[in-house]
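Student: Structure below; questions to follow.
FYI, it's all coordinate maths here, none of it is from the lab. The structure displayed is predicted, hence computed values, not measured ones. Every residue, glycine as well, gets a Cβ built from its backbone with ideal geometry; the counts of neighbours run over all protein chains shown.
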Amino acid sequence: MMTIRLITAISCCFALVAASGCASTTAGGAVGAQRSQLLLVSSSELEGMAEQSYAKLKADASGKGELNRDAAMLKRVRAIAMRLKPHTAVFRKDAPAWNWEVNVISSKELNAFCMPGGKIMFYSGLINQLNLSDEEIAIVMGHEIAHALREHSREQVSQAMAAQTAISVGTALL
């Protein structure tokens with residue numbers, strides 16, 4: 001009987017913690033999409049981690065001679081990002097003030113991403129192999145920026161933390 005009460009108490013505490021972490025940090029924007037997210041880690045903490053990861057990625061790529069090798073492509077991608085940047089305020093008022101950074105890695109990989117805080121990385125393979133126009137680059141970039149604006153990384157980290165806590169509690173009880 002004591003075990004059932006303990007499990008119930010722990011479950012209730014976990015539910016309260018999870019519920020208190022549910023929020024949305026973004027406005028509905030032009031489409032009005034609203035949903036709550038489990039956010040157990042702060043934006044500033046995640047942005048700090050993203051900045052460190054981005055710096056390491058840049059340093060690694062630079063060490064291999066793969067960072068920003070094509071000046072014209074870098075200028076093009078950065079110009080597209082700067083045209084998109086003002087529109088980020090539709091979803092997050094603070095986003096235009098982020099410390100935005102845009103770089104290009106020379107690679108055949110078809111990839112691009114935007115980390116929390118506006119750290120954008122494009123891979124040249126995406127642009128070259130698909131022969132993307134500026135508009136198509138903007139579409140890909142806008143999609144990646146939307147992930148950062150909607151704090152999908154923060155949500156994923158929070159979900160992983162919640163899952164790890166549940167596993168730890170379950171393991172302790174067993």
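Student: Excluding residue 106 itself, calculate the net charge of residues whose Cβ lies under 12 Å from the Cβ of residue 106, where each Lys or Arg counts +1 and each Asp or Glu counts -1. Please list the in-between numbers first.
Tutor: Details: positive: 64, 69, 108; negative: 66, 70, 109.
Computed value for this residue: 0.
Student: If you don't mind, there's one more thing I want to ask. Which order do the peptides 94-104, 117-127, 139-149 come out in when sorted by mean C-beta neighbours inside 10 angstrom, highest first? Can you show the working numbers first?
Tutor: Numbers: 94-104: 16.5, 117-127: 21.4, 139-149: 18.3.
Averaged packing, sorted descending, gives the order 117-127, 139-149, 94-104.
Student: Now for a separate question. What FRET efficiency comes out for residue 97 versus residue 174 if R0 is 35 angstrom and r is the Cβ-Cβ distance? Round to the nearest 0.05. Don't skip to the end; give the middle numbers.
Tutor: Values: r = 48 Å, r/R0 = 1.37.
That pair, residue 97 with residue 174, gives E of 0.15.
Student: Measuring from label point to label point, each 7 Å out along Cα→Cβ, what is the residue 89 to residue 52 span in nm?
Tutor: Distance between the two pseudo-spin positions: 3.3 nm.
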